[in-house]
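Data first, discussion second: the structure below is written as structure tokens.
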Amino acid sequence: MSAKRKLTVAVLFGGRSVEHDVSVVTGNQVLRAFDPERYEVVPVYIDRDGRWFTGAPLLDLKNYRNEVISLKGVEEAILSPATHHHGLIIDPTAGRFAKSSVKRLDVVFPALHGSHGEDGTVQGLCELADIAYVGCGVLASAATNDKIMTKTILKQHGIPVVDDVHLTRAEWEANPDGVIARIHAALPYPLFIKPATLGSSIGVGRADDEALLRASLDVAAHFDRSVLVERAITDGVEINCALLGNAQQIRASVLELPVSWDKFLTYEEKYLRGGEGMKSADRIIPAPIDAALTARIREMAVRAFQAVGGRGTARVDFLVKPEAGEVYLNEINTMPGSLAFYLWQHEGLSAGDVVQQLVELAREAQAEKRRSTYNYQTNLIEVAAMRGLKGVKGRKAPRPAQS
Amino acid sequence: MTVLLFLILLVWLIGACLRIVRQARFYQIEEYMSGRYLRWLLAQRYRWLPGRPFLAWFVGAGLAFFLAEAPGSPLPAIIALLAAGIGAYPERDKEVKKALKFTDRVKRMLAAAFVLAVALALAGAALVLSLPTDSPEIPAVIAASMGFALVIAAPLLLVTGNLLMTPVEALLRARFEAQARAVLAEANLTVIGITGSYGKTSTKTYLAHILNSRYKAYPTPKSYNTLMGVCIAINNDIANNRSLEYFIAEMGAYIPGEIERICDLTHPSISIVVEVGPQHLERFGTLENIASAKYEIIRALPPDGVGVFNWDNPYVRAMYERGYPQTRIAVSRAVDPAQVPADGPRLIASNVEESLNGLSFTVTDTHSNQREDFQTPLLGQHNVTNVLLATAVALHEGVPLKDVARAVRSLQPAESRLVRNVLPEGITVINDAYSANPVGVVHALRVLGMHQTGKRLLITPGMVELGPLMESENRKLGEIAAQYATDVILVGARQTDAVKQGLLNVGFPAERLHITATLAEAVEWYQTNLQTGDTVLFLNDLPDVYAS
């Protein structure tokens, strides 16, 4: 018997998000990255409809062709918000002949992209459950998931972002001409039109004239209630930087330059090039830009992450005009595809090292939270019980049932 | 006539059952150890032969015998019945400091004892009925005698009831232990074991507080430290809370092998030995036996486990020097941090200062050369060691020394361990009522001595369970008390005689020494005699078994 206990980590993947499939790939990469000697890994798959499952067959990507619940060994499971469960309730609706059970967890690893996963919702559930979880907290996840909110925060911190106009779906539907006039007054063509909260490139359009702009706004408004219109940076390149750390100790990775940016990253291009997801996508690492610019971008990435109150990890994407020395922060992904393993490899960190560090960072953040007190005893209830509740006069107090 | 005879037996039977319940309290205090309980019982005549039942029986039977008139007369039986009523009516309870806890075990034991009593009473009834009825006084006297015998035999019935239930209890215990084992296997906690002759509960409380600044730790509640106590903690609390990361198990040794059994259940990966001292010496015989019982907690560690030791106690230091396991941490408040011996203590407290605001000291980690000033509201210098031991574990578990120092600032004393309160009328009450020990009493007395505004009253019944050292340690207690207290109340004349000798030896004024029979009298005295600015220290409040 050894003194070291294994940590139990639940890896959440899939999800009610347009990025469901990418997340399944990321989730499986994360599951495989853990050292089985030190961690007990529990796969938790959330399907497109938002149902939760666990079980060993979920470790095999081939098993996702059909309904996973039909597989032997797959059970329904939910993450309980009750602190004393501190884990998954397996088979929560078990009836007379089966029994539900609790699987206690040390850490939750939400390998989820986009809505209902990367946006603070799952993070909120983990907060309720009081379980350590990998990555950003509720506020940073929610803020960075919304491009308009992110830019508002970054501008406050003096980090350069591309000029934009934002509008709501209601505004667009009520007064399209007014909206177009507002955009024309503020920005020159070509423009990018983006739904505020979707990840990837879904619903994103490029417009060189008013007709295309109107069409793109219709598309974007179909995906989200807020829409962002940005000036297109025509002759720039995309440069990405991954981050690892909490609070004041954040490490920035080598920079990458994803290759065919000039046209536009369609969904297929971004994630499905090659067979194995992100790994074989075409990219140049390190990005071929000079050392001073590299340093500036890395420093800016860290500063932006701190500005949004991030922790754990992120991949920060920039638009850069290397010759002009112009840098614009484009977005912050708090749960980047494949967790940017390929960038950390260049830093001498294996995927196993990265997930281990992320788990430690999550536990560190949880420890930090423990320092706050959430339990404060007052005599308010006693006093209220004695005096009766004010402000609810005219209603009779409910009487206990007579029996 | 027959009805009357039955009634005589019935009344005595009720008396016997009431006495069984009364006696169960003392049996429980002696932890159901029949030998110890019976020895306690036989030590005083009034305990095994209570006066009123004896007189009632003796006088009643005599009158019944001599007042017999004619065959068939109900008079002897009526007299015997009256006597039974007087004899069986329970005595008024004296002060109850430790009431009987109606545990399931007690209920089963009492049920068995009642069944025995009823069976014996029925057998008695059968015997009485079989007697010839021509002389009415004979059956009456025999019924009364058998009823009286039943009352006198009540303690034996209790012990027999307990013995009869032994296999049942063993089975239930085994099941309860298996359940606890299953809960722990599922919970996947890091288990920290703590043992020592004293200081266990305090160290446990402090460690839980420090670890909880970062993790989730659950300590065994109160002073639960037996195998069953630990099982109760596991089955009641750990089973219902999966958020826990650490289980801090206090382990007491009342017999050799007990700690080994608790370790076999809990598998600690970190073990702390606080002190080895003469507590329970009468059960173990020698300090070496006590030390080897405590060492079970270290022997039970896995090779990659962690042992934490109090360097300042020679017996505990010897354990540290035995070299198992690989990772060992010793702490000291006696070693000079500038001159640490090779393979000496890793954590050292220096510049210890004690005031009524608490303790402050500097902690040096000789491995990392880190240094941190600690401040705690705790009183009593022995608490420096307890805090150091807890710090050693916290450091090993990744809590930075700075964070430990912050957590230590909000430590609270464990229940009844040097808890200081100022009453509204301005009298300071220091409660150190938990089973006192030779180390703790000195520190408690020093705390009393720090109060310089008025009278300093010590109330104590002395120390017990120290075996052959009892007399000398109690005399020493008296000698030290004379330095710090201005007034002393000793509770119970007999057992405090050595304390009194000690006090008088060093010239403590006899007129300031009071002896009371009960704690209630002592409390009454202090309530009438103390004034604003005065201080009272309750040192070692014992269960009634020693007071009566």
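What follows draws every value from the coordinates through simple rules; no lab data is involved. Quick caveat, the model's predicted, so the values are computed rather than measured. FYI the Cβ positions are ideal-geometry reconstructions off the backbone, even for glycines, and counts take in every protein chain you see.
Electrostatic tally near B:Gly454: other residues with Cβ closer than 11 Å to its Cβ, Lys and Arg +1, Asp and Glu -1, net 0.
Roughly what % of DSSP beta bridges within chain B run antiparallel, to the nearest 5?
Restricted to chain B, the bridges split so that about 30 percent are antiparallel.
Considering only chymotrypsin sites (Phe, Trp or Tyr not before Pro) in DSSP loops that have at most 12 other Cβ atoms within 10 Å, the longest stretch of chain A without any of them is A:98-373.
When each of the peptides A:208-221, B:140-153, A:238-251 is scored by how many other beta carbons lie within 10 Å of its residues on average, the order from highest to lowest is B:140-153, A:238-251, A:208-221.
Principal axis extents of the C-alpha atoms in chain B (largest first, rounded to whole Å): 99, 60, 41.
Loop-only check: which trypsin sites (Lys or Arg not before Pro) in segment B:1-105 are DSSP coil with at most 11 other Cβ within 10 angstrom? In loop regions of segment B:1-105 (DSSP not H, G, I, E or B), the sparsely surrounded trypsin sites (Lys or Arg not before Pro) are B:Arg92, B:Lys101. The convex hull of the Cα atoms of segment A:163-231, projected and averaged over all directions, covers 3.8 nm².
Relative contact order, whole percent, for segment B:240-303 stands at 40, derived from Cα pairs under 8 Å and 6 or more residues apart.
Only DSSP H runs of four or more residues enter the estimate; each adds -39500 (n - 2.57), and after division by the residues of chain A the mean residue ellipticity at 222 nm equals -9500 deg cm²/dmol. When DSSP beta bridges are restricted to pairs lying wholly in the protein assembly as shown, around 55% turn out antiparallel. Annotation for segment B:35-87 versus segment A:108-123: alpha-carbon center distance of 81 Å.
Taking each residue in A:97-106, count the Cβ atoms of any other chain within 10 Å of its Cβ, then average. What number comes out?
2
Reported to two decimal places, what Rg/Rh ratio describes the protein assembly as shown when computed on Cα atoms with Rh from the Kirkwood expression? Walk me through the intermediate numbers first.
Numbers: Rg = 38.2 Å, Rh = 34.2 Å.
For the protein assembly as shown, the value is 1.12.
Ranked from largest, the principal axis spans of the Cα set of segment B:2-167 equal 52, 32, 22 Å.
List, in the order given, every pair from B:Lys107/B:Lys294; A:Lys62/A:Lys103; B:Lys107/B:Lys200; A:Lys103/B:Lys216 whose Cα-Cα distance in the structure shown is over 22 Å.
Long pairs (Cα-Cα over 22 Å): B:Lys107/B:Lys294; A:Lys62/A:Lys103; B:Lys107/B:Lys200.
Across segment B:419-547, C-alpha contacts under 8 Å between residues 6 or more apart give a mean separation that, scaled by the residue count, equals a relative contact order of 40 percent. Between B:Glu282 and B:Ala182, the C-beta separation translates, for a Förster distance of 41 Å, into a calculated FRET efficiency of about 0.65. Between rounded, prolate and oblate, where does segment A:7-133 land on the alpha carbon gyration tensor, with a ≥ b ≥ c its root eigenvalues, rounded for a/c under 1.5, else prolate if a/b exceeds b/c? Note, shape of segment A:7-133 comes out rounded. Among rounded, prolate and oblate, which fits segment A:70-166 when a ≥ b ≥ c are the square roots of the eigenvalues of its C-alpha gyration tensor, a/c under 1.5 means rounded, and a/b larger than b/c means prolate? In terms of gyration-tensor shape, prolate.
Note on A:307-316: average number of Cβ atoms from other chains within 10 Å of each residue's Cβ is 0. Across chain A, the relative contact order, built from alpha-carbon pairs under 8 Å that are at least six residues apart, equals 15 percent.
Express in % the proportion of alpha carbon pairs of chain A at distances exceeding 32 Å. Could the numbers behind the result be given before it?
Working: 34128 of 81003 pairs.
Cα-Cα pairs in chain A separated by more than 32 Å: 42 percent.
The amide H of A:Val102, built 1.01 Å from its N in the peptide plane, has A:Ile90 as neighbours under 5 Å, considering only residues 5 or more places off or on other chains. Other residues lying with their Cβ under 13 Å from the Cβ of A:Val41 contribute a combined charge of 0, Lys and Arg counting +1, Asp and Glu -1. Between segment B:255-273 and segment B:400-454, what is the C-alpha centre distance in whole Å? The two parts, judged by their Cα centres, are 29 Å apart.
For segment A:25-90, rounded, prolate or oblate, judged on the Cα gyration tensor with a ≥ b ≥ c (square roots of eigenvalues), a/c < 1.5 rounded, else prolate if a/b > b/c? In terms of gyration-tensor shape, oblate. A helix-only calculation puts chain B at -16000 deg cm²/dmol for mean residue ellipticity at 222 nm, using -39500 (n - 2.57) for each DSSP H run of at least four residues, averaged over all residues. When each of A:Glu118, B:Glu397, A:Glu382 is scored by the number of other beta-carbon atoms lying within 10 Å, the sequence from fewest to most is A:Glu382, B:Glu397, A:Glu118. Of all the options A:Lys103, A:Lys151, A:Lys62, the one that moves most in a Gaussian network model of chain A with Cα springs shorter than 10 angstrom is A:Lys62. Within segment B:279-367, antiparallel bridges make up roughly 50 percent of the DSSP beta bridges whose residues both belong there.
Would you tally the net charge around A:Pro81, using a Cβ to Cβ cut-off of less than 13 Å, leaving A:Pro81 out, and scoring K and R as +1, D and E as -1? Computed value for this residue: -2.
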